[in-house]
1. Given H placed on each backbone N at 1.01 Å, which residues far from Ser94 in sequence or on other chains put an amide H within less than 5 Å of it?
2. Quick check: pseudo-label points 7 Å beyond the Cα along Cα→Cβ at Cys34 and Asp91, how many nm apart are they?
3. Determine, for Lys145, Lys227, Lys239, the number of other Cβ atoms within 10 Å of each Cβ, and report the residues in order from fewest to most.
4. May I ask you to sort Leu256, Leu246 by Cβ crowding, counting other Cβ atoms within 10 Å and putting the fewest first?
5. For segment 111-161, state what percent of all Cα-Cα pairs lands in each successive 5 Å bin, counting from 0 Å until the bin that includes the largest distance.
6. What does the convex hull of the Cα atoms of the chain come to per residue, in Å³, rounded to a whole number?
7. Provide the percentage of antiparallel DSSP beta bridges, counting only those with both residues in segment 47-168; round to the nearest 5.
8. Treat the count of other C-beta atoms within 10 Å as a stand-in for reagent exposure and order Phe255, Phe215 from fewest to most.
Amino acid sequence: MASVSSEIVSQTEESGKPKKRGVPEGLWQRCPGCQAAIFRKQAEQLLGVCPECDYHWTITAQQRIEQVLDTGTFEEWDTNLHSLDPLEFKDKKSYADRLVAEQKRTGLREAALTGCGMIRARRVAIGVTDSAFIMGSMGSVVGEKLTRLIERATAQDLPLIIISGSGGGARMHEGILSLMQMAKTTAALAKFHEAGGLFISVLTNPTMGGVAASFASLGDLIFAEPKALVGFAGPRTIKATIRIDLPEGFQTSEFLLEHGFVDRIVPRNKLKLEIARAIDYCGK
């Protein structure tokens, strides 16, 4: 008993604070929707969906690939593309330094992950944008990777799936070069459409800015996750511009479904099946 007491005392003296015993860190996480404490493993089994309120948490581009594609079938394209700093842009830090920091923090080279794989044994071209990397904004590399993805889907006659998770629009660090990506991806999709391709756009929380104003809104079928934030500018910006009161929740996927912008709201655990069904229905 004395040895146990002396051990506790020594821990207290070394740190200045008594060492707490209890639940190990990382076992629980708080739901942003209902604020409930959720067992992390349970949330992972539910693909990042709260078991209490059905809130769909933000997940990484790699996790989305793993959830939608058949295991082990993903082949990444254009892994060597990386952003430059043609404007030598600098705010709190230089753009070049910001890119390096984001790459280390997220494990991504850029805000878009593209490639091909199988969805229930159906080969598709797939792209995912990730809001964790500079809010998923459309820099030159994001636009180039998505354009190349669309062009390969056109050449190989593959169904095209793009899952958008971008809270940013044009990447201000690249100026006009970033704005050009909206037109470039849109032009590529026009050629894809002329060739008779099937484009399924999946909107997740958030899908905003230039992404929502270009390729994300051009799907032959537009699916959205429940309660996803979708729009161009934020509510305060819109209200200040047009000077009228806006309907509550007007930028949610539910509101957009009601008004015809979204074709179907699909829970995350049913997305893979719904995409496969759509491909079969469209004869692709």
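1. It is none; the list stays empty.
2. Going from the Cys34 label point to the Asp91 one covers 3.6 nm.
3. On the way: Lys145 26, Lys227 16, Lys239 13.
So the ranking, lowest neighbour count to highest, is Lys239, Lys227, Lys145.
4. Values: Leu256 22, Leu246 12.
Placing the least packed residue first, the sequence is Leu246, Leu256.
5. Once binned at 5 Å, the Cα pair distances of segment 111-161 give 5, 22, 28, 20, 15, 8, 2.
6. Numbers: hull volume 55.7 nm³, N = 284.
Dividing the Cα hull volume of the chain by its residue count gives 196 Å³.
7. Working: 12 of 16 bridges.
For segment 47-168, the DSSP antiparallel bridge percentage is about 75.
8. Values: Phe255 16, Phe215 28.
Listed from fewest to most nearby Cβ atoms, that is Phe255, Phe215.
All of the numbers you see were taken from the coordinates with simple rules; none came from a lab. These figures come from a predicted structure and were not determined experimentally. As a convention, Cβ positions derive from the backbone with ideal geometry for all residues, glycine included, and neighbour counts pool all protein chains shown.
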